[in-house]
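Okay, so here's the structure we're looking at.
Bear in mind these aren't lab numbers, they're just calculated from the coordinates by the rules spelled out. From a predicted model like this one, the values you see are computed outputs, not experimental measurements. Neighbour counts are summed over all protein chains in view; Cβ atoms, including those assigned to glycine, are modelled from backbone coordinates with ideal geometry.
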């Protein structure tokens, strides 16, 4: 036990002597403006290792920076997308308003065919019944048999009337017949009736030639519907030799899809 303590004291004394010598060497080197041997030794070992690790450490730090900034960039991109969508929506609404205003201007400029016209709006559309509801009725002096005009063309004819609304059959309804005439050098009079959505039938007996593309208008033979309201254009003409009549198929120009605004001709 005493021998071990003696060795410990010898080891401790050696360390103190080495430390004293190293401190003297470092003090002398500093006084001479030089780097001592111990510092040069430490630098020679650790500086190359630091140089090797500096690149990965820098890349790792940059990677963490990119990770932290990715969320901010994603939020910024989402915000830009929302702003772009809002701009498209605003442009679309503006274009729709421009079209709507133009339609209203055209409606106001439409001819009245020598009658008083009432502006109205389609509030109901029943395609299987070929019928529409218009928000004008007996309070506005609307009566059955009056013409409903859309985009300057005959769209329907009023059938029933309530105080504040009316029901009108589209001219494409097979239940509706309207006096009509084909414009030309010699006008051809006849009757149009609905055949199916998007097509009318015009039967006549006059030998006057009728060609596809000829315009068909109301004849004015009815007290309720004035003459000259456009109905549609002839798409095809056929002869019925058994009955000695001729038949023209007409594509109506008035369509429900054109808009909700209409005129009722009183």
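Calculated FRET efficiency, residue 222 to residue 249, Cβ-Cβ distance, R0 = 22 Å: about 0.50 to the nearest 0.05. Stretched out straight at 0.36 nm per residue, the stretch from residue 77 to residue 139 would grow longer than its current Cα-Cα span by 16.7 nm.
By its C-alpha gyration tensor, with a ≥ b ≥ c as the square roots of the eigenvalues, how is segment 117-265 shaped: rounded for a/c under 1.5, else prolate for a/b larger than b/c, else oblate?
On the way: a/c = 2.21, a/b = 1.96, b/c = 1.13.
Prolate, since a/c reaches 1.5 and a/b exceeds b/c.
In plain terms, the residue of 73, 154, 169 with the fewest other Cβ atoms within 10 Å comes first and the most crowded comes last, giving 73, 169, 154.
Can you sort 87, 224 by how many other beta carbons sit within 10 Å, fewest first?
Working: 87 10, 224 14.
Least to most surrounded, the residues fall as 87, 224.
What ranking of 113, 125 emerges when the number of other C-beta atoms within 10 Å of each C-beta is taken as an exposure proxy, fewest first? Write down the numbers at each step before the final one.
Details: 113 17, 125 14.
The order, fewest Cβ neighbours first, is 125, 113.
Label positions at residue 175 and residue 236, each projected 7 Å from the Cα along the C-beta direction, are separated by 2.7 nm.
Taking every C-alpha pair closer than 8 Å and separated by at least 6 residues, the mean separation divided by the residue count of segment 117-265 gives a relative contact order of 25 percent. Note: relative contact order over segment 107-190, using C-alpha pairs below 8 Å and six or more positions apart, is 22 percent.
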